[in-house]
């Protein structure tokens with residue numbers, strides 16, 4: 001095989017390999033939605049962060065506007081402190097509220113932001129004042145059983161005496 | 001009885017000796033590797049011999065593994081009503097694990113044995129000694145280009161395997177079984193991270209490429225310069241390469257993918 005032929009074939013092989021890597025990165029993974037935008041941090045305190053994980057999306061009106069950067073325990077207020085990194089393109093009023101919601105019935109948890117009506121916007125490093133914790137399944141079940149148990153003696157009490 | 005013990009001790013010491021010798025060989029390979037870039041034609045010829053020649057088997061295996069993964073994955077996923085996640089399942093399995101490992105095993109069996117046989121026969125034909133007589137360092141002329149070529153080819157082959165596998169799974173899942181194409185791709189794009197999944201897979205292929213090429217070259221360089229010696233060396237290359245790929249895969253997976 002001549003030198004030129006070999007070099008052409010090797011070039012084709014390398015090209016094929018690079019195409020495969022790009023295909024995997026773009027079509028099979030999330031490179032297309034990789035945002036290199038700068039972000040600003042917002043803090044939020046929750047009574048219970050539930051199953052929220054670092055890297056979970058922050059959504060408003062169902063659209064992803066940022067990511068959860070870190071989750072830590074605040075030993076003074078005994079609440080979970082979550083740092084959110086919001087894309088610079090999105091500004092939220094100072095009376096925005098944050099909720100921990102679940103995607104689907106038993107899916108991963110994410111942070112939902114409900115915008116308020118204030119004129120001033122949250123700046124980088126501000127804390128979101130109004131928060132709602134995650135729904136804990138065991139607490140729900142406990143509540144349900146308690147309600148059921150409370151109903152039963154009430155019914156017996158108002159029965160025929 | 002004491003004879004057997006003495007033999008065991010001798011074998012153990014011999015293994016230690018091989019480990020040390022191969023470590024020195026590896027350091028030499030890495031040290032002389034940049035010099036092979038001064039003669040790109042030598043490396044190009046080797047990439048052709050190693051990479052281009054392995055392309056067909058890797059692509060064919062990729063198609064086959066993708067097809068089978070899609071079929072088997074669909075059967076299990078349909079139990080939980082999660083058939084829309086077939087793309088995600090296949091892409092993660094291929095990018096993280098099957099792509100690098102199967103490519104490395106096939107590469108060790110094909111390109112690895114051909115490297116060992118070539119170096120072994122060069123040794124048997126006294127070509128390496130002849131080069132030394134002419135003051136040409138055989139390591140720079142013969143070994144370094146093959147090492148660099150192997151390290152370049154493996155990631156490309158691994159990526160081709162995974163990409164072709166995903167496409168084959170698409171053919172089975174969307175065209176044959178009838179899963180929604182949009183759900184197939186969007187679930188995959190949602191769940192596969194470029195750096196954590198695809199990137200880690202590429203890192204794995206680089207590590208496997210270094211390991212298998214180094215083992216193939218070392219066993220070829222150190223084999224007995226006879227036909228039986230070359231035959232034994234090729235078998236040993238496949239065995240040792242495959243075992244180290246599987247072992248390294250466990251270590252890399254534990255490092256990369258274990259939850260903190």
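Read-outs: derived from the displayed coordinates by stated rules, not from any lab. Quick caveat, the model's predicted, so the values are computed rather than measured. Cβ atoms come from the backbone with ideal geometry, glycine included; neighbour counts cover every protein chain shown.
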request  = Express in nm, to one decimal, how much length is gained between residue A:150 and residue A:88 on full extension, taking 0.36 nm for each residue of separation and deducting their alpha carbon distance.
outcome  = 17.3 nm
message = Using only Cα atoms and rounding to the nearest 10 degrees, what angle (0 to 90) does helix A:3-23 make with the longest principal axis of chain A?
response = 10
task = Would you compute, from DSSP H runs of 4+ residues alone, the mean residue ellipticity of chain B at 222 nm, taking -39500 (n - 2.57) per run and dividing by the full residue count, rounded to the nearest 500?
result = -25500 deg cm²/dmol
CD proxy at 222 nm, helix term only [per DSSP H run n ≥ 4: -39500 (n - 2.57); per residue of chain A; nearest 500] = -9000 deg cm²/dmol
note = Distance in nm between residue B:246 and residue B:190 label points, each 7 Å along Cα→Cβ, equals 3.6
ask   = Taking only the alpha-carbon atoms of chain A, what semi-axes of the equivalent ellipsoid follow from 5 times the gyration tensor eigenvalues under a square root, in whole Å, largest first?
value = 50, 25, 13
query = So how tilted is helix B:181-191 from the main axis of chain B? Cα-based, degrees 0 to 90, rounded to 10.
reply = 60
ask   = Roughly speaking, what is the stretch gain from residue A:70 to residue A:22, that is 0.36 nm per residue apart minus the C-alpha to C-alpha distance, in nm to one decimal?
value = 14.2 nm
inquiry  = If I model the protein assembly as shown as equal point scatterers sitting on the Cα atoms and use the Debye formula, what is log10 I(q)/I(0) at q = 0.08, 0.10, 0.12 Å⁻¹?
reply    = -0.64, -0.86, -1.03
message = Please compute the Kirkwood hydrodynamic radius over region B:82-229, one decimal place, Å, based on all pairs of different Cα atoms.
response = 17.3
remark   = Averaged over residues of A:5-12, the number of beta carbons from other chains lying within 10 Å of each residue's Cβ is 5
message = Run the numbers for residue B:176 and residue B:6: contour at 0.36 nm per residue of separation, minus the present Cα-Cα distance, in nm.
response = 54.9 nm
inquiry  = Could you give me D for region B:2-257, from Stokes-Einstein at 20 °C and 1.002 mPa s, where the hydrodynamic radius is the Kirkwood radius over C-alpha pairs? Units µm² s⁻¹, please.
reply    = 108
request  = Using label points projected 7 Å from each Cα along Cα→Cβ, tell me how many nm separate residue A:4 and residue B:31, to one decimal.
outcome  = 4.1
message = Please list, in order, the residues from region A:84-110 whose amide nitrogen is less than 20 Å from a point placed 7 Å along the Cα→Cβ vector of residue A:132.
response = A:84, A:92-110
query = Distance in nm between label sites at residue A:143 and residue B:41, each 7 Å beyond Cα in the beta-carbon direction?
reply = 7.9
note = Connecting every pair of Cα atoms under 10 Å apart in chain A and solving the GNM, the largest mean-square fluctuation among A:50, A:124, A:107 falls on A:107
